[in-house]
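Worksheet for the structure shown next.
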Amino acid sequence: MLSRLGWPRSASDALTRFVFNVAVPTLLFRLMSDFSRLPRVDARLLVAFFGGCLIVYAAGRLAGASIFRLNGIEQSVFAMGGIFSNNVLLGIPIAKVTLGEASLSVVSLVLVFNSLLLWTLVTVSVEWARERSLSPAALLRTVRSVLLNPVVASILIGALFGALALPLPAVVDETLAMVSQAAVPLSLIALGMGLAEFGFRSEWRESAAITVLKLVAQPLAVFALARMLALPALETSAVVMLAALPVGANVYLMSRQFGVLSAAVASSIVLTTALAAVTTPLTLTLIGAGR
């Protein structure tokens, strides 16, 4: 279909590589470099959100292996589809409208750690699946591959800048700002080109499973942990709302970068985005958001 629109697949591949290797790392570097300005972290809300992510990720890996017979790399991307939300485009505006300004500090904290933990998780998972060895040499190769991944490297370097409160020269900061602002729209363009390439019928079973994990399993897991940890009502509503959002476009970038399940991920993004218009407000209503 891309060829009929005048765009060869090589154009889509090139755009995906630019977004994954340049635009998104720049965005994440700037996000992490502001870490020192964020409010103090409430460990309970991070445990509730990311603990829920780990539970659903493990369930996704298990389902991918047992139901769909996916290999390790495919399982990693499949499971990541069930936990990586569209927090940037949807999380901030929805939190502001439904939960108020007070919830934005919670959302900002989750956004920072979301990039750090989940990007690193999928990268480690994929590299481990590639090596399949516990030897020191294999472990060293895995660590090296993870650290050289442009997304993980940008997060770690940005976190270092943030921790040390190092200033950037104005011209460098302005240049990085312009590139990072292009990350989200370019990600969406890459996603749209992928949908034109694959359509909605390819890998529909995997797409449906990702949708169930994302819109049902993740909000339930996060809510259960939040209740167990006695998280305050506002923080509980904020983390559950973030968990109930549709699949983020970055998962599609992961699928293209690792060369697996691109059709399933692209379809699941569209499907979860359409369904979340109903399921997200319903989820917030059921948990009594803001009370």
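The values are calculated or read from the model by the stated rules, or taken from the named source; none is laboratory data. All of these numbers come straight from a predicted model, not from anything done at the bench. Glycine gets a Cβ as well: all are built from the backbone with ideal geometry, and neighbour counts include every protein chain shown.
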| query | Applying the selection to the stretch 221-246, what residues are surrounded by fewer than 22 Cβ atoms within 10 Å (Cβ to Cβ) and small (Gly, Ala, Ser)? | reply | Ala224, Ala230, Ala233
| field | Condition met for Ala217 (hydrophobic (A, V, I, L, M, F, W, C), farther than 18 Å from Leu90 by Cα and buried (at least 21 other Cβ atoms within 10 Å of the Cβ)) | value | no
| task | Count, please, the residues in the stretch 229-267 that happen to be in a helix (DSSP H, G or I) and either charged (D, E, K, R) or without any contact (Cβ under 8 Å) to a residue 12 or more places away in the chain (or both). | result | 2
| Out of the residues in the stretch 198-214 that are touching a helix residue (DSSP H, G or I) at 6+ places or on another chain (Cβ under 6 Å) and surrounded by 19 or more Cβ atoms within 10 Å (Cβ to Cβ), which is modelled with the lowest pLDDT? | Glu203
